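The values are calculated or read from the model by the stated rules, or taken from the named source; none is laboratory data. Keep in mind that this is a model prediction, so the values were computed, not measured. Cβ coordinates were reconstructed from backbone atoms using ideal geometry, including for glycine residues, and neighbour counts include every protein chain displayed.
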């Protein structure tokens with residue numbers, strides 16, 4: 001147990017660091033793609049944060065195996081460089097025993113990633129796509145023509161007598177129909193601005209009328225501010241996002257398959273089950289790709305690790321796209337993944353027998 005805790009401690013710090021770095025890089029790339037869209041639409045930046053949180057489960061399915069692999073590489077190389085691995089092996093401990101705690105961690109991460117891919121990721125994808133479509137279709141802050149009743153805003157009617165060069169409205173009237181009791185605002189002047197996710201009218205020198213007939217109440221003001229949520233106004237509408245395979249949860253995919261709509265649903269279901277198994281292949285590759293003699297540098301080991309990760313994900317992507325295009329069946333995706341895991345297991349067994357495949 002002492003050895004297990006020591007090995008876990010050596011691995012955990014680099015794992016968290018690598019996970020933050022790799023996930024941060026992917027999120028930064030997505031931010032850069034969204035910056036132009038948000039700047040043009042003038043949408044509240046908090047919505048971007050919501051979108052990034054929604055896409056996070058998808059990124060975690062990719063980055064957790066990568067972070068695990070590089071953290072394991074760093075740990076194994078450190079054990080070799082400090083001669084700790086030699087001491088452990090001389091004491092009669094096998095590699096399987098030395099890394100027993102890490103195999104347990106792999107099992108937990110694999111189960112967690114499978115649940116993420118099957119349940120959490122599609123919900124995030126659905127939320128992200130819905131918000132993206134909403135932002136792309138967002139309307140700009142409305143403009144009002146002089147001496148015309150404007151009804152561009154849901155539940156509001158606006159009338160202005162004129163507008164000066166500074167954009168200030170004169171002879172302003174606003175009817176608010178959001179509640180059962182009608183409210184009318186009359187003011188000498190008014191300014192319109194968009195602040196984050198709100199549309200804000202600032203009225204000067206006017207009257208607020210509420211109710212009608214004998215129940216009419218009036219309030220005179222020098223300055224009055226009305227804030228309206230863009231979503232409530234119809235300027236930012238979140239569409240209903242249904243029947244998209246990538247956004248379906250596992251039970252929805254199974255329902256599609258059950259009614260005979262296999263095709264993409266079957267491919268998507270197996271793709272989500274397949275992706276988390278990448279951590280199993282990478283866990284087995286850690287040892288054969290991390291052996292580094294004390295007098296040699298570490299860069300070649302990391303380069304081999306990075307090359308292996310790129311190759312694995314490229315093979316998976318090509319197989320997935322070929323299946324979607326009808327060139328291969330969904331079973332072909334599993335054949336490719338099983339081959340990768342089998343090769344990794346063979347390399348691991350060779351390393352356990354001290355038969356080095358890669359001598360760096």
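Would you check which residues across region 97-111 are more than 15 Å from residue 60 (Cβ to Cβ) and not in a loop (DSSP other than H, G, I, E, B) and list them?
Once the filter is applied, which keeps residues that are more than 15 Å from residue 60 (Cβ to Cβ) and not in a loop (DSSP other than H, G, I, E, B), region 97-111 yields 97, 98, 100, 101, 102, 103, 104, 105, 106, 107.
Can you say whether residue 32 is over 27 Å from residue 306 (Cβ atoms) and surrounded by fewer than 13 Cβ atoms within 10 Å (Cβ to Cβ), as far as the supplied structure shows?
On the way: over 27 Å from residue 306 (Cβ atoms): no; surrounded by fewer than 13 Cβ atoms within 10 Å (Cβ to Cβ): yes.
For residue 32, the condition - over 27 Å from residue 306 (Cβ atoms) and surrounded by fewer than 13 Cβ atoms within 10 Å (Cβ to Cβ) - is not met.
Please enumerate the residues belonging to region 180-193 that are modelled with pLDDT under 80 and surrounded by 16 or more Cβ atoms within 10 Å (Cβ to Cβ).
If the condition is that a residue be modelled with pLDDT under 80 and surrounded by 16 or more Cβ atoms within 10 Å (Cβ to Cβ), then 192 is the only one that fits.
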